[in-house]
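The values are calculated or read from the model by the stated rules, or taken from the named source; none is laboratory data. Because the structure is a prediction, the values reported are computed rather than measured. With ideal geometry, Cβ positions are generated from the backbone for all residues, glycine too; neighbour counts draw on all protein chains shown. Accessible surface areas use protein heavy atoms only, side chains included; no ligands, DNA or RNA. Shrake-Rupley method; radii C 1.70, N 1.55, O 1.52, S 1.80 Å.
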Amino acid sequence: MGILRSASGRIFTGISSAGGDLAWDVASRPASRSQRMRRAVRAALTGTGRGTLRGTLRAGIPSNPGLIGAEIASWAAFSPSLMPRTRTATTVVTFSAQIVGHVTGVAVGYGFNKTIERLATTKLGRLALPPRYQRGLALGWHGAMTAATITIWLKSIAQQKEIARLVGEDSASSARAQLGATATASALYLATRGLTFVANWGYDLLRRNLRPWLPRGVAPVLAGAIVGGGLAASVDLLVIRRALERISVKSRYLNSLVLPGRTQPWEPERSGSPWSMEPWHALGAQGRVIVAEGPRARDLAAVSGRPMTQVQEPIRIYAGKVAGRSLLAQTELIIRELHRTGAFWRDHLVIHTTTGTGWVPSWSLQAVEFLTLGNCAQVALQYSDLPSPIAWLTDHDTPLAAGRALIHRVLEELEELPEDNRPKVYVAGESLGGFGGLGAFSDSTDMLARVDGAVWSGAPQFSPMWKELTGRRDKHSPQIAPVIDGGRHIRFATRPQELFESFYGSDLGEWEFPRVAFLQHASDPIVWGDFPLAWRRPDWLVERLGRDVLPSMRWFPFVTFMQVVIDGVASVGVPSGHGHRYEYEFLPAWAAVLGLPLDDDLDGAADMRFKRIAKWIRRTQPPRA
C-alpha cells in the first residue's frame, strides 16, 4: 500500500494488484469547515488530538461528571433531617448519596458531552473560549465547589446540634465525628469506583468476545445482562441472604430468652401463670415481658389512693409464636383464655396488634389499667420474632393477617354474648402493630362501626387507612396533624393538646364516640418514611414543619428518603415525646378515648394525676426490652 500527496493536498492510496497494476483511488477530499469541526470535537471527546473541549473537560468543566455528581449529592446528605445523626448514620447517608450522585452525574455528563458535540458543529461553536480562559474557568469552578462543600459541611455540624436540642438529646454531633464519617463515606465511594472499573472491564471483555458471534446490537445487551446479573446474584447470596440468615438466627435466640427483671406471673388473670393454658415457655421473650410487667391490684390502689374494694386485678392474655402453630390456633387459645379469666365480664377489652418481635408498648398497657382501676382485659399475639423492619420487608401480609385474625375472632365471640352485657372493645397498636391493626378494617367507617375506640401510635403512613384519612383531611390542616371531619370521631395529634385543638390552635369542639386517636410525632421517621419519599416531595415538607423539626429541613430526591430511613434507627433512643418514642402521651390519649373527664391542664383524669402514674411506671420499669 502506498500514500501520495498531491500539490493540492489530495491524498491518494495505492494498492498493488496481483498483476502488478497500481490502482489509485481518492481516499479523501478537502474537508469542509463543518467536517473539520466534527473531527476535532470527536478527537477531543475521545481523548485523541489536542481538542480544546477535551482539555476543558479534563481541566474540570466537568473533568469527571460522576465525581462532581457525588460531591453535589454530598451537600444534600449534609442537610438536616428528623433525627441527630451518629457517625455511622452520617457515613451511610453520605455514601448512599455519593453513589446516586455519581450515577446521575455520569448520565448528565454524557448528555452534556453530546450536546457540546452537536453545538460545536453549528455557528455557536465559534463562541468557544480560548484555552487560557477555559483553564481559568475550570480553576474557578473547582474552587467554588470546594468552598461550597466546606461551608455546607461546617453548617451541618451546627444543624445537627440544633436537632439534638429540639428532640431533647444532650449529645451533639462533633466536627471530629462529622469529619470521620465523611472521610469513611468518601473512602467507600472510591472503593466502589474501583469495583465499577472491574465491572466495566468485564463488560468490555465479554462484549468484544461475543460481538463476532452474535447479530449487531445483541452483544452489548447480553454482556450487560451477564455482568449485571452476576453482580446482583453475588450481592444477594453473599450479602443480603447471609445478613437475613444471621438476623433470623439471632432473633430466634433472643425470642427464647427470659429478659432481665421478668419472672413468671402467679396471678390466674395472666397468661403464662400456672393456671394458664398458655405455658410460660411458649410465650416468647416479648410475651413474657408483657405478662410479667405492669401493676397489680395493690399497685393500682396505692397509686390511685382507692381502697382495694374499688380496684380489680388486670387481665393480660398473650399467645406466643410456636413452631407448627397457626394464627387460627393462637386466636382460639386466646378465646379460651378470655373465657377462663372472665375477661368478657370486664367493662373494657383492648386488643393490641404487636410489632415484629411481638412487642406491645408498656405505657399503653399500663395507662389502660391505671385509668380503669384494673377493670379491663388486654390481649395480643405474636406473629413473628424478627425486628419490625425485617418482618415487614420479608413479609407484608403476616402483620395484616395477624391483626385481622385476632380482632375479627374476638369480635365474633362477643356477638355470642348478650348485647347489654358486653365489654367495650378498643383496638391499639404501635408502628408495625398499627399497620397490622388498621389493616383489620376495610376503612375508617368500618372501624368506627365495629369498635368503641382506638389508640394508634407511630402508625406508618403506608398503612392504607392512614392514607385514606390524610387524603381527605379538612382544608388547611397539615399532614402531620390532619383534621378529619372537623375532629368529630378521629383525631391526629403530635402532642396531647392537639387531641382537643388543631395544630394551629383552633378548638375542635365536642369529640363524639367512638373516639379514635392517632399519636404521631412530627419528628417520627417511622411515620414519615415511605418509598415515594425517594422521588416525590411530601406534603409534610411543603407545609409548616413540626415543633421538633428543624425549619431548614428540605427535600432532596433519594437523599431525604435515605436520611429518614437511617433516622428510624435512632428514633427509638430519643427522649419521650419525640421521634418514635411514645410514653407519657398514652395517659391523656387513653383517658380521652375511654371517655374520662380530663383536667384543664390535661395532666390528670378521674381524680388521678398523670405525673403520679408516670412516676410509678418509670420507677418500676425493668430494663427496656
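Is it the case that some residue within the range 499-510 is part of a loop (DSSP other than H, G, I, E, B), open to solvent by less than 20 Å² (accessible area, probe 1.4 Å) and touching a residue at least 24 places away in the same chain (Cβ under 8 Å)?
Of the residues in the range 499-510, the ones part of a loop (DSSP other than H, G, I, E, B) are 500, 502-506, 508-510.
Applying the additional criterion that residues be open to solvent by less than 20 Å² (accessible area, probe 1.4 Å) yields 502-503.
Pick out the ones that are also touching a residue at least 24 places away in the same chain (Cβ under 8 Å) and you get 502-503.
Looking for residues that are part of a loop (DSSP other than H, G, I, E, B), open to solvent by less than 20 Å² (accessible area, probe 1.4 Å) and touching a residue at least 24 places away in the same chain (Cβ under 8 Å), one finds at least one in the range 499-510, hence yes.
In the range 134-170, how many are open to solvent by less than 40 Å² (accessible area, probe 1.4 Å), of a type in the set (Gly, Ala, Ser) and within 15 Å of Thr86 (Cα to Cα)?
2
Filter the helices (runs of 4 or more DSSP H) completely within the range 416-478 down to those with at least 2 residues that are touching a Gly at 6+ places or on another chain (Cβ under 6 Å).
432-438
Any residue that is open to solvent by 30 Å² or more (accessible area, probe 1.4 Å) and free of Cβ contacts under 8 Å to residues at least 24 places away in the same chain - is there at least one of those in the range 561-573?
Yes, because at least one residue in the range 561-573 is open to solvent by 30 Å² or more (accessible area, probe 1.4 Å) and free of Cβ contacts under 8 Å to residues at least 24 places away in the same chain.
For the range 562-571, give me the residue count where each residue is of a type in the set (A, V, I, L, M, F, W, C) and at pLDDT 90 or above.
Looking only at that region, the number is 4.
Within the range 210-244, count every residue that is hydrophobic (A, V, I, L, M, F, W, C), open to solvent by less than 60 Å² (accessible area, probe 1.4 Å) and touching a residue at least 12 places away in the same chain (Cβ under 8 Å).
Of the residues in the range 210-244, 4 are hydrophobic (A, V, I, L, M, F, W, C), open to solvent by less than 60 Å² (accessible area, probe 1.4 Å) and touching a residue at least 12 places away in the same chain (Cβ under 8 Å).
Looking at the range 173-199, I want the residues that are in a helix (DSSP H, G or I) and modelled with pLDDT under 80 and have a partner that is among the hydroxyl-bearing types (Ser, Thr, Tyr) and surrounded by 17 or more Cβ atoms within 10 Å (Cβ to Cβ) with Cβ atoms under 7 Å, at least 6 apart or on another chain. Which pairs are those?
Gln178/Thr90; Gln178/Ser156
Which of (1) modelled with pLDDT under 95; (2) part of a helix (DSSP H, G or I); (3) buried (at least 21 other Cβ atoms within 10 Å of the Cβ) does Pro389 not meet, given it meets every other one?
It is condition (3) that Pro389 fails.
When you look at Val108, is it β-branched (Val, Ile, Thr), touching a residue at least 40 places away in the same chain (Cβ under 8 Å) and open to solvent by 70 Å² or more (accessible area, probe 1.4 Å), yes or no?
Working: β-branched (Val, Ile, Thr): yes; touching a residue at least 40 places away in the same chain (Cβ under 8 Å): yes; open to solvent by 70 Å² or more (accessible area, probe 1.4 Å): yes.
For Val108, the condition - β-branched (Val, Ile, Thr), touching a residue at least 40 places away in the same chain (Cβ under 8 Å) and open to solvent by 70 Å² or more (accessible area, probe 1.4 Å) - is met.
Here is a check on your reading of the model: is Leu195 open to solvent by 60 Å² or more (accessible area, probe 1.4 Å), out of contact with any Asp or Glu (no Cβ under 7 Å at 6 or more places or on another chain) and more than 30 Å from Leu550 (Cβ to Cβ)? Talk me through it step by step, then tell me what you get.
On the way: open to solvent by 60 Å² or more (accessible area, probe 1.4 Å): yes; out of contact with any Asp or Glu (no Cβ under 7 Å at 6 or more places or on another chain): yes; more than 30 Å from Leu550 (Cβ to Cβ): yes.
Yes; evaluated as a whole, the condition is true for this residue.
Hey, any hits in the range 411-424 for a residue that's more than 32 Å from the chain's Cα centre (by Cα), open to solvent by 30 Å² or more (accessible area, probe 1.4 Å) and among the polar types (S, T, N, Q)?
Step one: of the range 411-424, the residues more than 32 Å from the chain's Cα centre (by Cα) are 411-424.
Adding the requirement that they be open to solvent by 30 Å² or more (accessible area, probe 1.4 Å) leaves 412-413, 415-422, 424.
Then drop every residue that is not among the polar types (S, T, N, Q), which leaves 421.
Looking for residues that are more than 32 Å from the chain's Cα centre (by Cα), open to solvent by 30 Å² or more (accessible area, probe 1.4 Å) and among the polar types (S, T, N, Q), one finds at least one in the range 411-424, hence yes.
Look at the range 263-316 and say how many of its residues are open to solvent by less than 10 Å² (accessible area, probe 1.4 Å) and of a type in the set (Asp, Glu).
1
Which of the numbered conditions does Gly374 fail, given that it passes all the others? Conditions: (1) small (Gly, Ala, Ser); (2) at pLDDT 95 or above; (3) farther than 22 Å from Gln312 by Cα.
(3)
Do any helices (runs of 4 or more DSSP H) lying entirely in the range 39-143 carry at least 1 residues that are at pLDDT below 80 and basic (Lys, Arg), and which ones are they?
Values: elements: 52-59, 65-78, 87-119.
Ranges flagged: 52-59, 87-119.
For the list (1) part of a loop (DSSP other than H, G, I, E, B); (2) surrounded by 17 or more Cβ atoms within 10 Å (Cβ to Cβ), I need the number of the one condition that Pro588 fails.
All conditions pass for Pro588, except number (1).
Please go through the range 261-311 and give me each residue that is farther than 30 Å from Lys250 by Cβ, of a type in the set (Asp, Glu) and part of a loop (DSSP other than H, G, I, E, B), ordered by number.
Within the range 261-311, Glu267, Glu269 qualify.
Would a scan of the range 245-259 turn up a residue that is touching a residue at least 60 places away in the same chain (Cβ under 8 Å) and outside any helix (DSSP H, G or I)?
Initially, the range 245-259 is screened for residues touching a residue at least 60 places away in the same chain (Cβ under 8 Å), giving 247-248, 251-252, 254-255, 259.
So of that shortlist, the ones also outside any helix (DSSP H, G or I) come out as 259.
Yes, the conditions are met somewhere in the range 245-259.
Scan the range 546-556 residue by residue and report those that are open to solvent by 20 Å² or more (accessible area, probe 1.4 Å), touching a residue at least 40 places away in the same chain (Cβ under 8 Å) and not charged (D, E, K, R).
Of the range 546-556, the ones open to solvent by 20 Å² or more (accessible area, probe 1.4 Å) are 547, 551-552, 554-556.
Pick out the ones that are also touching a residue at least 40 places away in the same chain (Cβ under 8 Å) and you get 547, 552, 554, 556.
Listed by number, the residues that qualify are Ser552, Phe556.
Looking only at the range 464-492, count how many residues are under 20 Å from Ala591 (Cβ atoms) and open to solvent by 30 Å² or more (accessible area, probe 1.4 Å). Break it down stepwise before answering.
If we filter the range 464-492 for residues that are under 20 Å from Ala591 (Cβ atoms), which is where we start, we get 481, 487-492.
Now narrow it down to the ones that are open to solvent by 30 Å² or more (accessible area, probe 1.4 Å): 488-489.
Residues in the range 464-492 being under 20 Å from Ala591 (Cβ atoms) and open to solvent by 30 Å² or more (accessible area, probe 1.4 Å): 2 in total.
Residue-by-condition table, conditions (1) of a type in the set (Gly, Ala, Ser); (2) more than 21 Å from Phe492 (Cα to Cα); (3) open to solvent by less than 30 Å² (accessible area, probe 1.4 Å):
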site: Leu519; (1), (2), (3): no, no, yes
site: Ser576; (1), (2), (3): yes, no, no
site: Ala592; (1), (2), (3): yes, no, yes
site: Leu602; (1), (2), (3): no, no, no
site: Ala605; (1), (2), (3): yes, no, yes
site: Lys615; (1), (2), (3): no, yes, no
